[in-house]
Amino acid sequence: MASTLPDPYPDAQLTAHDARRTATDGIAAASPAPERSGGGESHGLESHGTESHGIESHGIDHIPDSERRGRPRELFSVWAAANVNYLSLVVGGALVLVGLSLWQAIGVIVVGNAFWLLTGLLAVSGPAAGAPSEVVTRAMYGVIGNRVNNAVVGWMISVCYFALSLAAAATAAFALVARTGLPVNSAVKALVVVVIAAVTLAISVWGHSAIVRLYVPITLALTAVFAVVAVAVVRHTDFGYVPEHRLTGGALWATVLGGVALIASGPLSYTTSADFSRYLPRTASPKAVAGWTALGGFLPGTVVCSLGAFAATTVDMSDPQSALLGLLPGWFGPVFLLALILGTVALNALTAYSAGLALQAVGLRIKRSRSVLVDGTASVSLTLYALLVSNFLDTVANVLQLTVVLLGPSMALYATDIVLRRNRYDGIALGDESPNSPFWYTGGVNWAGALSLAAGVTAAALCVDTAYTGPIAAALGDVDLALPAGLIVTSALYALTMRGTRMRGTA
């Protein structure tokens, strides 16, 4: 069976054997080639796998060398734009609200954001394989096992994150609408949510080239706005702030470790970083790919979270939007609200893009552009139900607090596989979903990967203390060790079970 291609062009396809032979000879690997006719017109966009109308045609199929271009440094703006956002302010402020001193909170923010190094490591598999993360993970779980992985880690969690972020953007938009004097009733709220989602999905549908080009000016605009916010916040910050009742002993460690897990859940949610590096030439420096990806997430993530912590020393960050507006000049309020919306749009466009690829990797024969719309419809429905009908979003938020139990081990497994294979992935072989695929393993499942992930998730669940308290966490006085437990157990077990095994499908 051929690999799942989102935009099939049977006349342009070769067999897997022919594709490998042509790749060996240095000829572009076989793949849908929509730009071969019409002069490759792209309406002003780089041809990052685009059709004549500029919409990216590639989905989870292999990107041939002839269509790869760009430099690793372009990844910085992709990740920076997505991390200058409202949720980072909220999380930073929350660390002070739960009882940490300012500098304890800053330490937690730095350590938690250091997990962007793992996100950067995963990104190096994109240029090596010419495939997105949703396909590279076939090497870890097998063809069939990977479909389950993408259904849960790739799609379901992404949709929930999209809904939460969309709700945050909508809150800022409601305040902006209220400033115009319009009534913020249910109909207006629904319209606002749909408009924000439509803009977000337009970027995701347009695809990789639009993301790379648009995120540079978005990053610059958000940087300018948050520079003004930073000046206003720093002027009011109490740099010697300590809570009235200081945490000590086990309570302090429980809060610190829980805070690190909360901050780290951001970078750990991006097990899909290869999605945005796969169009780079295979000769791109892995260090540069990893470095620019990690820096793009770490720098703005640390700065914006820190601003939230700074603000919490002087205003009540339980209502961060109103609190921050109180520190800013009156004329700047609408600009700040627009920036909050724009940052969330940038964040969600990446989420929707990857969720669309995950839906294809589950096995649905659907174009990437249409899969993105499916994701958006599910997320918008969830958001509207949460905002207008019930408090269901609170339930979703509590569930997502537990995602570190799954996402930590998932990222650890991926990173360990990259190290074991020395980042050598055969992108053509990864596209083969037949029982003859080197990634079919046993019955379509790589049991070493599946069992290692299960063990890591179990270890993390025993140690977690969020909406649910695991028995080990309870025995340790509510100290949450889910993150290190999941990472260590998964990595160690996978390395042990794969040790001495011929790594299949290496380039």
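For segment 181-238, which positions are assigned to a loop (DSSP other than H, G, I, E, B) and in contact with a Phe, Trp or Tyr (Cβ under 8 Å, 6 or more places away or on another chain)?
In the first step, residues of segment 181-238 are kept if they are assigned to a loop (DSSP other than H, G, I, E, B); the result is 181-185, 207, 237-238.
Matches in segment 181-238: VAL184, GLY207, THR237.
Test LEU340 against the criterion of being closer than 25 Å to LEU95 by Cβ and buried (at least 24 other Cβ atoms within 10 Å of the Cβ), and give yes or no.
Values: closer than 25 Å to LEU95 by Cβ: yes; buried (at least 24 other Cβ atoms within 10 Å of the Cβ): yes.
Considered against the rule, which asks whether it is closer than 25 Å to LEU95 by Cβ and buried (at least 24 other Cβ atoms within 10 Å of the Cβ), LEU340 comes out as yes.
I'd like to check something: does segment 68-78 contain any residue that is at positive phi, open to solvent by 20 Å² or more (accessible area, probe 1.4 Å) and outside any helix (DSSP H, G or I)? Reasoning before the result, please.
Initial filter on segment 68-78 (at positive phi): 70.
After this cut, where a residue has to be open to solvent by 20 Å² or more (accessible area, probe 1.4 Å) as well, the list is 70.
Narrowing further to those that are outside any helix (DSSP H, G or I): 70.
Among the residues of segment 68-78, at least one is at positive phi, open to solvent by 20 Å² or more (accessible area, probe 1.4 Å) and outside any helix (DSSP H, G or I), which makes the answer yes.
Identify, please: which residue in segment 225-248 is among the hydroxyl-bearing types (Ser, Thr, Tyr) and surrounded by 15 or more Cβ atoms within 10 Å (Cβ to Cβ) and is, among those, farthest from LEU307 (Cα to Cα)?
TYR241
May I ask you to list pairs of residues, at least six apart or on different chains, whose Cβ atoms are under 7 Å apart, with the first in segment 427-446 being within 17 Å of ALA131 (Cα to Cα) and the second being open to solvent by 40 Å² or more (accessible area, probe 1.4 Å) and assigned to a loop (DSSP other than H, G, I, E, B)?
Every condition considered, the pairs that remain are GLU433/MET1; PRO438/ARG504; PHE439/ARG504.
Residues being open to solvent by 10 Å² or more (accessible area, probe 1.4 Å) and either touching a strand residue (DSSP E or B) at 6+ places or on another chain (Cβ under 8 Å) or among the acidic types (Asp, Glu) (or both): count how many of those fall in segment 260-292.
Adding up the residues that qualify gives 0.
Criterion first (out of contact with any Leu (no Cβ under 6 Å at 6 or more places or on another chain) and under 17 Å from LEU342 (Cα atoms)) does ARG213 satisfy it? Write out each step before concluding.
Details: out of contact with any Leu (no Cβ under 6 Å at 6 or more places or on another chain): yes; under 17 Å from LEU342 (Cα atoms): yes.
Taking the combined requirement at face value, the residue satisfies it.
Taking the residues in segment 92-114 that are surrounded by fewer than 24 Cβ atoms within 10 Å (Cβ to Cβ) and closer than 16 Å to LEU299 by Cβ as candidates, determine which candidate is nearest to the chain's Cα centre (by Cα).
Only one residue fits best here, namely ALA114.
Mind checking whether some residue in segment 120-132 is open to solvent by less than 10 Å² (accessible area, probe 1.4 Å), in contact (Cβ under 8 Å) with a residue 24 or more places away in the chain and in contact with an Asp or Glu (Cβ under 6 Å, 6 or more places away or on another chain)?
yes
Out of the residues in segment 357-372 that are modelled with pLDDT under 90 and among the hydrophobic types (A, V, I, L, M, F, W, C), which is least open to solvent (accessible area, probe 1.4 Å)?
ILE366
The values are calculated or read from the model by the stated rules, or taken from the named source; none is laboratory data. Here the structure is a predicted model, which is why all the values come from computation and not from measurement. A quick note on method: Cβ atoms are made from the backbone with ideal geometry, for glycine too, and the neighbour counts reach across all protein chains shown. Protein only, heavy atoms only, side chains kept; ligands, DNA and RNA dropped before computing areas. Shrake-Rupley method; radii C 1.70, N 1.55, O 1.52, S 1.80 Å.
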